[in-house]
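The values are calculated or read from the model by the stated rules, or taken from the named source; none is laboratory data. Everything numeric here is computed off the predicted structure, so don't read it as measured data. Cβ placement follows ideal geometry from the backbone for every residue including glycine, while neighbour counts extend to all protein chains displayed.
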Amino acid sequence: MKRFAFTLLELVFVIIVIGIIAVLAMPNLSTNPLKQAAEQIAGHIRYTQHLAMVDDKYNDKNSTWWRERWQIRFYEKGTPDNYYYTVFSDKDQNTNVDYGAGKTEVAIDPLTSKKLHVSDDNKNMDLTGTYGIVNVVTSCLTEDGSKVTANKGVIAFDEFGRPYNGISNAKTQSDYLLTQSCTIEFQHKSEGNATITIQPETGYVSVVYK
């Protein structure tokens, strides 16, 4: 027997689905730049881990192949201080990120297809100019073993997703393996602070606001 109308239950289901889609599609008019920056960075840390796991850098013909592992690095530059970061693989092992035309060290954002580097191509990587971040402090150690604020703050990952607090000067593939949680604190000029914590071994990332 054919029927030519929807049942009441079917109509209610369709209305609910349309409502959910409408809510998800609505723009967030009450944006918080601190939360935007923190969630973006947390996502990029997870993305760095993903890249490291799918792009195993092992090469038996390269005696320091581990230095090319994917990493997220924070920078502090200028007066007044300006904070930014990038995600890259140091393919030529010169300890710096090469991001110009034709360079392939910088990761590409899968959502925007832009390089994850502060430049005219991607202003989202500029924490100060775009989000109003006025200070960045990390408890991670740099490659020489000294604590720093934002200069050369690094989190790298190996092919198992394990985090490292340094990579460029590592003499063995296990140097600077994270053995305790690492924190990166971001201070906004008016919205307070956010702290991102990276756990050892798993690289689990969490964000706390205060």
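Can you tell me which residues in segment 38-77 are of a type in the set (A, V, I, L, M) and either under 10 Å from the mean Cα position of the chain (by Cα) or assigned to a strand (DSSP E or B) (or both)? First the steps, then the outcome.
Initial filter on segment 38-77 (of a type in the set (A, V, I, L, M)): 38, 41-42, 45, 51-54, 72.
Within segment 38-77, Ala38, Ile41, Ala42, Ile45, Ile72 meet the criteria.
Out of all the residues in segment 154-164, which are surrounded by fewer than 18 Cβ atoms within 10 Å (Cβ to Cβ) and of a type outside the set (Gly, Ala, Ser)?
Residues satisfying the conditions are Glu159, Phe160.
Name the strands (runs of 3 or more DSSP E) wholly inside segment 158-210 in which the number of residues that are among the hydroxyl-bearing types (Ser, Thr, Tyr) is 2 or more.
192-198, 205-209
Being under 18 Å from Val87 (Cβ atoms), surrounded by 14 or more Cβ atoms within 10 Å (Cβ to Cβ), over 15 Å from the mean Cα position of the chain (by Cα) and at pLDDT below 90 is the requirement here; does Ile167 meet it? Don't jump to the end; show me each part of the working.
Numbers: under 18 Å from Val87 (Cβ atoms): yes; surrounded by 14 or more Cβ atoms within 10 Å (Cβ to Cβ): yes; over 15 Å from the mean Cα position of the chain (by Cα): yes; at pLDDT below 90: yes.
Yes.
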